[in-house]
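The values are calculated or read from the model by the stated rules, or taken from the named source; none is laboratory data. Small disclaimer: the values here were computed from a predicted structure and weren't measured. Because the Cβ atoms are built from the backbone with ideal geometry, glycine has one as well, and the counts that use them run over all protein chains shown. For the accessible areas, the whole protein counts, side chains as well, though only heavy atoms, and no ligand, DNA or RNA atoms are used. Shrake-Rupley method; radii C 1.70, N 1.55, O 1.52, S 1.80 Å.
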Amino acid sequence: MPSRPHLSPITATRRQRVRRRAALAIALAVLSPAALAACSPGPAEIAVPSPAPEVADACAELIKAMPSKVLDAKRRETKPASPLTTAYGDPPIEVTCGVATPAGMAEAQSQCFEVNGVGWYAQQVTNGHIFTTIGRKLYLELAVPSKYAPEANALTDVADAIKTHNTLITPCT
């Protein structure tokens, strides 16, 4: 039986490095999906309104028609899951349909502003703005954190869905 040539310490060290790199590559391939899942924001917690059944049905269609992205932020799940809500990005841009008339909106009719054919009522809050459709059959609310400033830019991304699925009653004046 022929004898095996003796490996030099340099060759043995190289083999150890190759084995370690292979083990590291395998570990990263196995752990990466778990690590990514741990870093994802998960469902956005959004309070769900309790509108009348006909409003809830119309809102479900409107929410379903919302775009896949708002301000380049991807759509994400909400908690509790509801056909009346959706969210985008982290921190979440929250979309809620079937909300009550915002306090102060009755006096603020003259504060209606229009973006791409949709009228909005804006309220500044501590961490951004809350925009509510005005002059439409359904009240849809968009809560946009200040991270996305200028927050009103989000309204352009949702305008088409609103115009198609939320009947205009009274235009902004």
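Eigen-decomposition of the gyration tensor built on the alpha-carbon atoms of segment 87-147 gives equivalent ellipsoid semi-axes of 19, 13, 11 angstrom, largest listed first.
In a fully extended conformation the segment linking Lys64 and Thr126 would gain 19.4 nm over its present Cα-Cα distance, using 0.36 nm per residue.
Put a dot 7 Å past the Cα of Lys147, heading toward its Cβ, do the same for Phe113, and the two dots end up 2.3 nm apart. Across segment 85-153, the mean sequence separation of Cα contacts (distance under 8 Å, 6 or more residues apart), normalised by length, yields a relative contact order of 31 percent.
Dimensions of segment 53-108 along the principal axes, based on C-alpha atoms and rounded to the nearest Å, stand at 34, 26, 19, largest first. Shown for segment 94-173: the carbon plus sulfur share of the solvent-accessible area, taken with all protein chains present and a 1.4 angstrom probe, equals 49%. Listed values for segment 48-60 are Karplus-derived 3J(HN,Hα) couplings in whole Hz (6.51 cos²θ - 1.76 cosθ + 1.60, θ = phi - 60°), namely 9, x, 10, x, 4, x, 5, 6, 4, 5, 5, 5, 4, and x replaces Gly and Pro. Partners of Lys147 within straight-line reach, counting lysines whose Cα lies under 20 Å from its Cα and excluding those fewer than 8 residues away in the same chain: Lys69, Lys74. Summarising the amide proton neighbourhood of Lys79: residues at separation of 5 or more, or on other chains, whose placed amide H is nearer than 5 Å comprise Ala44, Glu45, Ile46.
In segment 57-173, the alpha-carbon atoms span a convex hull of 99 Å³ per residue.
Counting Lys +1, Arg +1, Asp -1, Glu -1, what net charge surrounds Thr164 among other residues with beta carbon under 15 Å of its beta carbon? Once positives and negatives cancel, what remains is +1. Counting charges near Val95 (Lys, Arg +1; Asp, Glu -1) among other residues having Cβ under 15 Å from its Cβ returns a value of -2. Here the label points at Ala106 and Ala47, each 7 Å from Cα along the C-beta direction, are separated by 2.0 nm in the simple model.
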